[in-house]
Amino acid sequence: MGNNGTFIRFLNGFGNKRTQLTAGPVVKSWYEKMKTAPLRVLIDDVYYNDGADGSSGWVAIGKVMSGKIVIGDSVTITPGNVETVCTAIKFHNADPTAPNKNTKQAVAGERVEITVGEQGCSANMIFAGSVMGKARADSNAPQTVTEFEADVSILADAKFSIDVKATNVGSLFRGEETTEQPFDFPLVSAPAYFDKILGLVNPNTGKLLKSKKPVESVMPGQTAKVTVRLSGEGIPLDEYAKFRETGRFLVRGDQGQGSLVAVGKITSTDWM
């Protein structure tokens, strides 16, 4: 797609003839919104470029999910807490010869290899599952999260329920009172547990339902607002309303060996 978002160029199967397709106003509006949103690059692979091609540094491979990145931009990569600079961009699925194509920047929807400065970087600081955004000074920089608030919907046919006592029953750690579950996030699976059930939610309005007693169980077919704590180290997550790709998750039963039992979207990462 060109920078103006109005056409797509591709080989039509009959040689090198190019075909132009006009995008409708809905597609153009959505695409422009994604391009102007804060930067998020989901990194799924990393390698070190030794400079044989004239440049050197760590190279993060991934898809730009929102926003844009320009050579020279200061960026943050979490959860490694790396703050560095974009020094080069290589495109996987874009045509550099397309009209008005700016090869010094990548925008939402493009899969790229982003070379970053070596200062402050090491092999254990940039890895698959990391998320890149603008520098930490930006209020929309990616954050490493260990706990969050979310709306979770249990599938109607799932043999699964969320059971959490309203008050602690004496254990030292809240996680000992609930069952740890595997959560599938966009680029990584991580063990976590439901820490508290804040109440049942009307799935049509998204509002909490009033209840005279604390809710201690969520059954199949129900939606609830809950708090979740990761059992291990933090991972980069966002509120679903701001960044859909890094704001949603799946829950699987039978300690991760079973089928999908629930879906969720993060409503807050600073609820405490």
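The values are calculated or read from the model by the stated rules, or taken from the named source; none is laboratory data. Everything quoted here is computed from the prediction, not taken from an experiment. So basically every Cβ, Gly included, is an ideal-geometry build from the backbone, and we count neighbours across all protein chains shown. Surface areas here come from the heavy atoms of the whole protein model, side chains and all, with no ligands, DNA or RNA. Shrake-Rupley method; radii C 1.70, N 1.55, O 1.52, S 1.80 Å.
The table below lists the values:
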| item | result |
| --- | --- |
| Paramagnetic reach from Ser56 in the range 82-108 [backbone N under 20 Å; point 7 Å along Cα→Cβ] | 84-90 |
| Exposure rank, largest accessible area first [Thr144, Thr223, Thr205; 1.4 Å] | Thr205, Thr144, Thr223 |
| Accessible-area order (highest first, 1.4 angstrom probe) of the listed residues Leu209, Leu42, Leu250 | Leu209, Leu250, Leu42 |
| Sparsely packed trypsin sites (Lys or Arg not before Pro) within the range 34-125, loop by DSSP, other Cβ within 10 Å at most 12 | Lys104 |
| Pairwise FRET efficiency - Asp270 versus Asp184, Cβ, R0 = 25 Å, nearest 0.05 | 0.60 |
| Loop-located GluC sites (Glu not before Pro) in the range 209-272, at most 13 other Cβ atoms within 10 Å (DSSP) | Glu216, Glu233 |
| Segment Leu155-Lys35, length gained on full extension (0.36 nm per residue, minus Cα span) | 39.8 nm |
| In sequence order, calculated HN-Hα J values of the range 238-247 (Karplus, 6.51, -1.76, 1.60; Hz; x Gly/Pro) | 9, 6, 4, 5, 9, 9, 4, 4, 9, x |
| Ranked order, Thr267, Thr103 - accessible area, probe 1.4 Å, largest first | Thr103, Thr267 |
| Built amide H within the under 5 Å cut-off of Val261, gap 5+ | Val251, Arg252, Gly253 |
| Label-point separation, Asp44 to Ala98 (7 Å along Cα→Cβ), nm | 1.9 |
